[in-house]
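Since the structure comes first, as structure tokens, the remarks are kept for the end.
The values are calculated or read from the model by the stated rules, or taken from the named source; none is laboratory data. All values derive from a computational prediction rather than experimental measurement. We place every Cβ from the backbone using ideal geometry, glycine too, and count neighbours over all the protein chains shown.
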Amino acid sequence: MFDLIIRSANLPDGRQGVDVGVRGGKISAIEKTLAATSGEEIDATGRLLSPPFCDPHFHMDATLSLGLPRMNVSGTLLEGIALWGELRPSLTKEALIERALRYCDLAVSQGLLAIRSHVDTSDPRLVTAEALLEVKEKVAPYIDLQLVAFPQDGYFRAPDGVASLNRALDMGVGIVGGIPHFERTMADGTRSVEALCRIAAERGLPVDMHCDETDDPLSRHIETLAAETVRFGLQGRVAGSHLTSMHSMDNYYVSKLIPLMAEARINVIPNPLINIMLQGRHDTYPKRRGMTRVKELMAAGLNVSFGHDCVMDPWYSMGSGDMLEVAHMAVHVTQMGGIEDKRKIFDAITVNSAKTMGLEGYGLDIGCKADLVLLQAADINEALRLKPNRLFVIKAGKIIARTAPRIGELFLDGRPASIDIGLDYIPQTGGS
């Protein structure tokens, strides 16, 4: 007897028409045909059943704040940072919580059940940390929310930056962040990487650092981050986010850099939507678009995962909380359109991101947590092309969200679909 059976599902690894049995919140059987009964059944009718989407790089304290206190007229990274600085003194815990919970409602409907959010620690009030720690507790039944202590204005550059970051960690923010390229000098950036890796080693915490988010090929803090990772024995526990300067580095230097990153087992987190929107702003033509060297990093064995980064905030006026939108853009900007390429892109928003985040029990194997998403697509190629509806979102074996199938999509075999509309997840903001 199973609690739930999903029948005739296609899996991301190519298995087709299998039945997946769930018992006690975990996957307990995957067979061609399960001759068993269950308390509830879903007929997948040959559609894609995936583990949930994961976003390893997001800014939940800023999300949905678009237009406060004004719009980013230039659309640039630096104006976005300045705008956030204007908004920050007026932030309240209540407003931060309300916006974050609205975003979490959206995330659940999109099958996004794991998010790593950076939390700005540059304001010594630390209202951002207080708010998101409360949000983390509220959404724990539905979303694995990780928090990074992020010194937005620079660890050394911001007044009280050092003390504020340490206090955020003391409050329970569990990952050490940084932004070395935003320090006053290259030397200060290097010092910040060393200091922050030391803190992580002493506290036994992971590191996730905004690193070299610039067009400057001489911004090479990822080299320092990799070296300090090895020095402090943090291999596999450190992420370098953005790494956009690598798109401008010369090939000889990169031929030295990537092996060092591989030795340190750095987790790489590009953010396709934001990187191509914000980078290359000083170029006319040829015009750089800001994506790091995804193909080369993957080929070297590094774990590459994609983040959404922003949704309707001072840096990015768009976004939908849909990791398939992120992956769809990645297919184009990385020019990874082949069949095997697309599998790697899909992995970058699922299994690779779960690895970056250290999620236990994640996946589609017997014994894994029954956290699942059924998509209105036959396989990962259709999922990346169509960004289809999430027909069912399942957490610990329980259906928490349902969405009606989209009508009029061009599927290769013209499959019909008929799914009841409903919503079992209770939105944290009381919405629908």
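Note on region 313-342: among residues that are within 18 Å of the chain's Cα centre (by Cα) and among the charged types (D, E, K, R), the one that is farthest from Arg288 (Cα to Cα) is Asp322.
Checked against the criteria, Asp170 counts as assigned by TED's automatic domain parsing to the domain that holds His308, of a type in the set (D, E, K, R) and part of a helix (DSSP H, G or I). Can Met329 be described as in the same structural domain as Met71 (by TED's automatic domain parsing), more than 25 Å from Leu391 (Cα to Cα), touching a residue at least 40 places away in the same chain (Cβ under 8 Å) and of a type in the set (A, V, I, L, M, F, W, C)? Here the answer is no, as Met329 does not meet what is asked. Comparison of Leu49, Leu34 shows that the only residue that is in contact with a strand residue (DSSP E or B) (Cβ under 6 Å, 6 or more places away or on another chain), touching a residue at least 12 places away in the same chain (Cβ under 8 Å) and part of a strand (DSSP E or B) is Leu49.
Conditions (1) touching a strand residue (DSSP E or B) at 6+ places or on another chain (Cβ under 9 Å); (2) not in a loop (DSSP other than H, G, I, E, B), marked per residue:
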{"residue": "Gly337", "(1), (2)": "no, no"}
{"residue": "Arg343", "(1), (2)": "no, yes"}
{"residue": "Ile349", "(1), (2)": "yes, no"}
{"residue": "Asn352", "(1), (2)": "yes, yes"}
{"residue": "Leu359", "(1), (2)": "yes, no"}
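The single condition among (1) surrounded by fewer than 20 Cβ atoms within 10 Å (Cβ to Cβ); (2) over 18 Å from the mean Cα position of the chain (by Cα); (3) in the same structural domain as Arg88 (by TED's automatic domain parsing) that Leu386 does not meet is (3). Quickly run through region 66-119 and pick out the residues that are buried (at least 20 other Cβ atoms within 10 Å of the Cβ) and in a loop (DSSP other than H, G, I, E, B). Once the filter is applied, which keeps residues that are buried (at least 20 other Cβ atoms within 10 Å of the Cβ) and in a loop (DSSP other than H, G, I, E, B), region 66-119 yields Asn72, Leu91, Gln110, Gly111. Remark: Gly319 matches the filter, which requires a residue to be farther than 16 Å from His210 by Cα and of a type in the set (Gly, Ala, Ser). The residue list Asp61, Asp123 contains one member that is outside any helix (DSSP H, G or I) and within 17 Å of the chain's Cα centre (by Cα), which is Asp61. Among all positions in region 353-370, there is no residue which is of a type in the set (A, V, I, L, M) and touching a Ser or Thr at 6+ places or on another chain (Cβ under 6 Å). When residues in region 276-326 are screened for being assigned to a loop (DSSP other than H, G, I, E, B), of a type in the set (S, T, N, Q) and closer than 23 Å to Leu257 by Cβ, 3 of them pass.
Kindly indicate whether any position in region 148-162 is touching a His at 6+ places or on another chain (Cβ under 6 Å), among the aromatic types (Phe, Trp, Tyr) and assigned by TED's automatic domain parsing to the domain that holds Glu98. Yes - at least one qualifying residue is present in region 148-162. Just one of the listed residues (Leu165, Leu273, Leu196) is touching a Ser or Thr at 6+ places or on another chain (Cβ under 9 Å), crowded, with 21+ Cβ neighbours inside 10 Å and part of a helix (DSSP H, G or I), and it is Leu165. Within region 332-344, does at least one residue satisfy the condition of being more than 22 Å from Arg402 (Cβ to Cβ), of a type in the set (A, V, I, L, M, F, W, C), at pLDDT 95 or above and not assigned by TED's automatic domain parsing to the domain that holds Met291? No. Residues in region 173-193 that are closer than 25 Å to Leu133 by Cβ and either not in a loop (DSSP other than H, G, I, E, B) or not β-branched (Val, Ile, Thr) (or both): 7 in all.
No other residue among Asn352, Asn303 is surrounded by 24 or more Cβ atoms within 10 Å (Cβ to Cβ) and either of a type in the set (S, T, N, Q) or modelled with pLDDT under 95 (or both) apart from Asn352.
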